[in-house]
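Comments concern the structure below.
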Amino acid sequence: KFRKMSRRWGSCSATGVITLNTKLMQLKEEFIVYVVVHELAHLVHMNHSKKFHQLVDRYLPDSKKLRNELKNIHIQAV
């Protein structure tokens, strides 16, 4: 799903429904890819455990850098 969200770039429900913030379209492609991979990883690990981050890192070796940069982008300002 796509919707306007004020606090998150994306989410994954317990039933596996991924919702992406419509404001993602205003970001660089690398951040969009990070959010999509992050949410898809939740289909395997519904938490932010070490195994979750290892899975994300498998597809995006620079995920930690991207995650930290994304934290500094305020949704309201985009």
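The values are calculated or read from the model by the stated rules, or taken from the named source; none is laboratory data. Note that the coordinates shown come from a computational prediction; the quantities given were computed from them, not determined experimentally. Glycine gets a Cβ as well: all are built from the backbone with ideal geometry, and neighbour counts include every protein chain shown. Each accessible area value is taken on the protein alone, full model and side chains, heavy atoms only, with ligands, DNA and RNA left out. Shrake-Rupley method; radii C 1.70, N 1.55, O 1.52, S 1.80 Å.
Roughly to the nearest percent, how much of the accessible area of the range 1-63 is carbon and sulfur, given a 1.4 Å probe?
On the way: 2400 of 4310 Å².
C and S atoms contribute 56 percent here.
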Just from its helices, what would the mean residue ellipticity at 222 nm be for the chain, if runs of 4 or more DSSP H residues each count -39500 (n - 2.57) and the sum is divided by every residue, rounded to the nearest 500 deg cm²/dmol?
-12500 deg cm²/dmol
Would you mind calculating the gained length between residue 49 and residue 32 on full extension (0.36 nm times residue separation, minus the Cα-Cα distance), in nm to one decimal?
4.0 nm
Among the lysines, select those whose C-alpha is under 20 Å from the C-alpha of residue 64, and discard any that sit fewer than 8 residues away in the same chain.
28, 50, 51
For the chain, what is the accessible area per residue in Å² when the probe is 1.4 Å?
70 Å²
Using a 1.4 Å probe, how large is the accessible area of residue 46, given in Å² and rounded to the nearest 10?
100 Å²
Whole-Hz Karplus couplings 3J(HN,Hα) for the range 48-65, θ = phi - 60° and coefficients 6.51, -1.76, 1.60, Gly and Pro as x, run 10, 6, 4, 5, 4, 5, 5, 5, 4, 4, 4, 9, 9, x, 9, 4, 5, 5
Residues meeting the amide H criterion for residue 10 (H placed from the backbone, H to H distance under 5 Å, 5 or more places apart or on another chain) are 21
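What is the local net charge at residue 19, summed over the other residues whose Cβ is closer than 10 Å to its Cβ (Lys, Arg +1; Asp, Glu -1)? Intermediate values should be presented prior to the final figure.
Values: positive: 1, 3, 8; negative: 39.
That sum, taken over residues with Cβ under 10 Å, equals +2.
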